[in-house]
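Below is one structure, written out as structure tokens; comments come after it.
The values are calculated or read from the model by the stated rules, or taken from the named source; none is laboratory data. Because the structure is a prediction, the values reported are computed rather than measured. Cβ coordinates were reconstructed from backbone atoms using ideal geometry, including for glycine residues, and neighbour counts include every protein chain displayed.
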């Protein structure tokens with residue numbers, strides 16, 4: 001990518017955030033709800049990007065933290081509702097607490113063993129909520145009153161829109177700062193050569209555990225938001241295929257880039273919406289999983305560096 005394109009690309013996330021802030025009240029109910037859904041999934045994808053793209057830890061159990069954050073929100077709000085001021089920290093803290101437990105044990109393994117251990121812990125959480133009365137069983141539980149904080153009432157469509165947008169902007173900014181910090185540099189070194197970092201005296205296990213817990217807390221934030229948006233939670237939020245979808249999002253967008261995680265979440269959600277709409281694809285909408293799978297294969301085959309790699313290609317052609 002040329003220096004000019006790099007300079008422009010740095011301003012793209014801010015420009016998109018400003019555009020969403022301006023256009024928010026003008027969007028119809030369907031489009032607004034879809035944009036909120038995309039933004040929540042973008043936060044979830046960013047949380048996994050911290051693990052996979054920045055630290056080199058491929059996890060298939062990330063949906064557990066997402067679901068735990070959502071369940072903590074609904075269960076704690078009860079019939080009388082609750083304040084954002086304590087429900088949000090509770091959701092993130094619950095997810096971070098489980099991430100601390102999972103990370104403390106799973107990070108003692110590597111490679112495919114790490115992947116399988118994280119998947120096992122996620123399945124344990126899934127079956128706890130699915131096969132017992134804790135949390136309403138397979139039917140899940142409803143939220144009677146959405147969280148509020150003074151004038152901020154997430155029952156309102158526009159209020160929810162701007163609250164989720166603010167959460168996405170803050171998450172993106174936090175991870176961008178983290179990436180540029182000494183901690184982020186240590187994570188990058190661990191991703192490239194863990195043995196060398198250990199030999200240099202870095203507490204590799206501690207760094208990876210900290211990254212794992214932070215990623216879990218951010219997934220809990222996404223869980224709080226999806227519970228507030230839908231007003232209902234069920235064990236499917238923790239299913240293994242949700243973890244797989246999040247991983248697909250960051251691969252589709254481009255591993256190693258925060259923008260790639262947001263782009264991937266957007267592209268994946270829009271593809272899913274497009275291919276499951278009868279008015280657009282006709283009878284093929286009944287087989288949208290097949291169409292989506294084929295589309296993902298084509299994207300990955302043609303764009304091995306993800307959608308964000310298109311800018312690099314264009315920059316290369318312009319330079320040539």
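Assorted remarks:
- Residue ID - farthest from residue 137 (Cα to Cα), chosen from residues in segment 214-239 that are more than 14 Å from the chain's Cα centre (by Cα) and surrounded by fewer than 23 Cβ atoms within 10 Å (Cβ to Cβ): 229
- Within segment 39-90, the set of residues being under 17 Å from residue 154 (Cα atoms) and within 15 Å of the chain's Cα centre (by Cα) comprises 39, 40, 69, 70.
- Residue that is farthest from the chain's Cα centre (by Cα) [pool: residues in segment 167-197 that are surrounded by 14 or more Cβ atoms within 10 Å (Cβ to Cβ) and more than 29 Å from residue 40 (Cα to Cα)]: 197
- The test for being buried (at least 21 other Cβ atoms within 10 Å of the Cβ) and part of a helix (DSSP H, G or I) does not hold for residue 295.
- Among the conditions (1) surrounded by fewer than 17 Cβ atoms within 10 Å (Cβ to Cβ); (2) over 25 Å from residue 96 (Cα atoms), the only one that residue 252 does not satisfy is (1).
- Test: residue in segment 303-315 that is farther than 21 Å from residue 63 by Cβ and within 13 Å of the chain's Cα centre (by Cα): no
- Looking across segment 1-25, the residues that are modelled with pLDDT under 75 and in contact with a helix residue (DSSP H, G or I) (Cβ under 6 Å, 6 or more places away or on another chain) come down to 1, 2, 5.
- Scoring residue 85 on the criteria (1) in contact with a helix residue (DSSP H, G or I) (Cβ under 7 Å, 6 or more places away or on another chain); (2) farther than 15 Å from residue 215 by Cα; (3) touching a residue at least 12 places away in the same chain (Cβ under 8 Å) leaves a single failure, condition (1).
- Considering (1) more than 21 Å from the chain's Cα centre (by Cα); (2) touching a residue at least 60 places away in the same chain (Cβ under 8 Å); (3) farther than 26 Å from residue 126 by Cα, the lone condition that residue 146 does not fulfil carries the number (3).
- Only residues that are modelled with pLDDT of 90 or more and either farther than 18 Å from residue 66 by Cα or not in a helix (DSSP H, G or I) (or both) were counted in segment 119-142, giving 2.
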